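The values are calculated or read from the model by the stated rules, or taken from the named source; none is laboratory data. Bear in mind that the values here come from a model prediction, so they are computed numbers and not experimental data. No Cβ is skipped: glycine too gets one built from the backbone with ideal geometry, and neighbour counts run over all protein chains shown. Remember, those area values only see protein heavy atoms, side chains included, never the ligands or the DNA or RNA. Shrake-Rupley method; radii C 1.70, N 1.55, O 1.52, S 1.80 Å.
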Amino acid sequence: MTPFFPSFFVFFGSVAYICKGIAGMANGASRAALNYHFSLKENLGDITAKYHVQGVAAYLIGMSLGIGLSAILSTSSLSNWILFLFLAAGHMFFGYRALQSVKFFTLNKQRTAIILDHYFVDGTVLSPSDIHHQQLENIIYPPSYELSPKLVLGDSVKKAFSDQDVLKDCLSLFRNESYIVNMTDNRISIILKENIQPLYILRAFFNGYYVRYLMTKGVTLPPLETRALLKISLEFTNGQFNRFLRLLNEKGWNTKDFVLAPSRNRAIWENT
């Protein structure tokens, strides 16, 4: 933009530098997971060092080519813009394709939702290779749990319950659990107990997602019978979760560390 507005050079340069810093932070955060994917036998340090060497080499080569092309096309602003847009689109496309080639073994919300959609239908668990080769993950469309009815993992009690009697009823139903599930017309709330362990967060997501599965498959009940659907989902979780966890292990998923990213809302109650 500076060739068109030379008097705003400092402004555009500052904005560009800020955007570059934000992009660098996002890249560093995601790069750690990618480096971990390629590490074998605790050699994460070697992978990280090689990544930095390759990154510097690619940066120098790209800068050299950019300077050379700029010198050739410096007389035409239109040519510069076309070249910039072409290279930027290519950079984003090949970056996206590179991410698609990485196979992840850690469960985040989207992968867990994909696995559960499949598990609730035929009782089998997709492997990391299945999700990778079928390219079931996407970054363009919102994941299913963000659509109505929305599944909120780590919801607040205030948003989940407007009636004290319903809260007491759910506390009684989930008295042996470290979470509570409640549902409305367009929201499924999962309230997590303080100091809940990661494995039980996965169990809570399993339970809540089964409620969503029943709702989206046309299993509807009158408002006064909402508890019946919650009871069905809890009984299903009690009967199937351990089997589901065993199948995850057999398929090679990491069942020690989860990236389900619940909100920080926690509640305190006494199990009776």
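The table below lists the values:
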read-out	value
Test: residue in the stretch 215-234 that is among the polar types (S, T, N, Q), more than 24 Å from the chain's Cα centre (by Cα) and more than 17 Å from PRO149 (Cβ to Cβ)	no
Pick from the stretch 141-167, criterion among the charged types (D, E, K, R) and closer than 15 Å to ILE190 by Cα, ranking: most open to solvent (accessible area, probe 1.4 Å)	LYS158
When residues of the stretch 149-165 are limited to those that are touching a strand residue (DSSP E or B) at 6+ places or on another chain (Cβ under 7 Å) and in contact (Cβ under 8 Å) with a residue 60 or more places away in the chain, the one farthest from ALA113 (Cα to Cα)	VAL157
Helices (runs of 4 or more DSSP H) wholly inside the stretch 123-227 containing at least 2 residues that are in contact with a Gly (Cβ under 8 Å, 6 or more places away or on another chain) and modelled with pLDDT under 80	none
Hits in the stretch 83-112 - residues which are assigned to a loop (DSSP other than H, G, I, E, B), open to solvent by 70 Å² or more (accessible area, probe 1.4 Å) and at pLDDT 80 or above	PHE105
Filtered residue count, the stretch 231-272, keeping only those that are open to solvent by less than 70 Å² (accessible area, probe 1.4 Å) and assigned to a helix (DSSP H, G or I)	11
